[in-house]
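Take a look at the structure below.
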Amino acid sequence: MAEPWDDRNAAPSRAAAPAVATPIVPSGSIAGRSLTAVVAIMTFLAAITTGAVMMVVNAASDWQSEVGREVTIQVRPVSGRNIEADVSAVIALARASPGIADVRAYTKAESAALVEPWLGSGLALNDLPMPRMIVVKLASGAAPDFPGLRGTLAAQVPSAILDDHRGWIDRMRTMADSAVVGGVAILGLVLAVTVLSVTFATRGAMAANRPIVEVLHYVGATDRFVASQFQRHFLILGLRGGAIGGGAAIVLFGVFEAANAWFTGTPGGDEATALFGSFSVGAAGYIVIVLQVVLMAVVTALASRRTVNRTLASID
Amino acid sequence: MIRFENVGLRYGLGPEVLRDLSFHIDGHSFQFLTGPSGAGKTSLLRMLFLSLPPTRGLISMFDRDTATLTKDDRATLRRRIGIVFQDFRLLDHLTTFENVALPLRVLGKEESGYRAEVVELLQWVGLGECMGALPPVLSGGEKQRAAIARAVIARPQLLLADEPTGNVDPNLGQRLLRLFIELNKTGTAVVIATHDIALMDEYDARRLVLHDGRLHVYD
């Protein structure tokens, strides 16, 4: 073939072709930083919500198992009955009931200690109609017969009331379930905000890069090829934002855990642990946070893909 | 290869800008598409490039009725057509090499497989020294040649050029015409839309003349 141009003496400075292929859609044309920040914040909020819900559920579960391992029998002072004899009778009946590991009656001094915050010290309990508490510990793995024990007590010691904390445990379960529902609702909102943000950013990117899309069509690119050029950017962006937000959440939970370990043994630390649990999301929590990072990247990629495809459908 | 039968085109509810166009373009042929400004040359080129559907009539390209094509079908057919725009449509963030290689990249080919081919073509059109340069630093003539190279790199069966000499001096215009003639000799059918009579007088070829919305063919 004839040479219409002869430029064999090429100048080296302009002659060098790039070693690495430039992205067809320039990353600078995507609203990268702001969208990365949005994805990072949303991932952080999602991770914090998940971690908080998991801590509440774990703490509630701990409380339930702790409380569920024992029941109490209250023996009320009733005129005409000897409370000490009733206490002894209740202990004997409880011990004879199946699934019971240990039965212990609170001493008068311990009973006084229970009411001391309200009534003060130095009480003469004999002067007061104080009920007596009997703590019944359940054998692990056994199935105690509470209805049978309750019936026996009603028949033989009418002043005794068995409390298996069922109502309290039910309320605790309801609270934990409410926390889960609230957490799921917040996660739904976080995902919705992420999808909307990515959709707007993708529309902006498509508008900014419309000349590129047109040229790609002119050289025979299918919509799938064009979409992949945009989706790659948004997947990377989602992963980066998710990693930043998820990483921050992991660091935060790590700090909480370390602080909890530091304050263990102090009165404040013990009270906080009793109230809120161990302040640890555990290995499962960290795995869930990592999965959320992946989820946010996938959501970002899918939301951008959907927007790109819808926009491409309107361009020819 | 391409056949138009009673094709008409109107924009919206306006009058027909192109009426009763009936002609064919054979493989390996060379033709000028000419007519006064506003005669509809660019509209006809857009129909030839499948980016504008006719409002009536039949267009058959590569034995396919274009009215029945899906979007993916159009993309596939466009790979058999190269187009050179008057305003070049080069991507400013890609180097000259990458702009020219774009059709091959779109086909999913690896750079190692097409690098030598692109370099050879760039040298053939006189851009061997500009492979790493971005379009904003190229001259008008260099941009035009890069656009032509991009249009022919995938060895299309048909090359469409819209006013390829509109922004260059007569000398460069003649050199570009030589380039198109050489491409035609390699087997590519060429349609050059131009109103440059001097350019058309340089080469004896078929002329498609648009006037008052109708096409007159001078073989």
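The values are calculated or read from the model by the stated rules, or taken from the named source; none is laboratory data. Predicted model, so just to flag it, every value in this text is computed and none were measured. Please note: Cβ atoms are built from the backbone with ideal geometry, for glycine as well, and neighbour counts cover all protein chains shown.
Here's the yes/no breakdown for (1) loosely packed, with under 14 Cβ neighbours inside 10 Å; (2) of a type outside the set (A, V, I, L, M); (3) more than 25 Å from the chain's Cα centre (by Cα); (4) in a strand (DSSP E or B):
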position	(1), (2), (3), (4)
A:Ala109	yes, no, yes, no
A:Glu116	yes, yes, yes, no
A:Ile161	no, no, yes, yes
A:Ile169	no, no, no, no
A:Gly182	no, yes, no, no
A:Val193	no, no, no, no
A:Ser197	no, yes, no, no
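Would you confirm, using the coordinates I've provided, whether B:Glu182 is surrounded by fewer than 16 Cβ atoms within 10 Å (Cβ to Cβ) and within 12 Å of another protein chain (Cβ to nearest Cβ)?
No.
Report, by residue number, each residue of the stretch B:73-95 that is more than 20 Å from B:Cys130 (Cβ to Cβ) and either more than 20 Å from the chain's Cα centre (by Cα) or in a loop (DSSP other than H, G, I, E, B) (or both).
Those that are more than 20 Å from B:Cys130 (Cβ to Cβ) and either more than 20 Å from the chain's Cα centre (by Cα) or in a loop (DSSP other than H, G, I, E, B) (or both): B:Arg79, B:Arg80, B:Gln86.
From the list A:Pro12, A:Pro4, A:Pro26, which residue is at pLDDT below 80 and within 8 Å of chain B (Cβ to nearest Cβ)?
Just one listed residue meets the conditions, A:Pro4.
Taking B:Glu111 as the residue in question, decide whether it is over 30 Å from B:Leu44 (Cβ atoms) and either touching a Leu at 6+ places or on another chain (Cβ under 7 Å) or within 8 Å of chain A (Cβ to nearest Cβ) (or both).
yes
How many residues, within the stretch A:207-231, are within 7 Å of chain B (Cβ to nearest Cβ), over 21 Å from B:Ala146 (Cβ atoms) and part of a helix (DSSP H, G or I)?
Of the residues in that region, 2 qualify.
For the stretch B:143-179, how many residues meet the condition of being buried (at least 20 other Cβ atoms within 10 Å of the Cβ) and part of a helix (DSSP H, G or I)?
Qualifying residue count, the stretch B:143-179: 14.
Would a scan of the stretch B:118-138 turn up a residue that is on the phi > 0 side of the Ramachandran plot and either touching a strand residue (DSSP E or B) at 6+ places or on another chain (Cβ under 6 Å) or more than 7 Å from chain A (Cβ to nearest Cβ) (or both)?
no
Determine if the stretch B:89-96 includes at least one residue that is free of Cβ contacts under 8 Å to residues at least 24 places away in the same chain and within 10 Å of chain A (Cβ to nearest Cβ).
No, the conditions are met nowhere in the stretch B:89-96.
Just a yes or no: is a residue in the stretch B:38-49 surrounded by fewer than 17 Cβ atoms within 10 Å (Cβ to Cβ) and either at positive phi or over 18 Å from the mean Cα position of the chain (by Cα) (or both)?
yes
Does B:Pro54 satisfy the condition of being within 8 Å of chain A (Cβ to nearest Cβ) and buried (at least 18 other Cβ atoms within 10 Å of the Cβ)?
So B:Pro54 fails the test.
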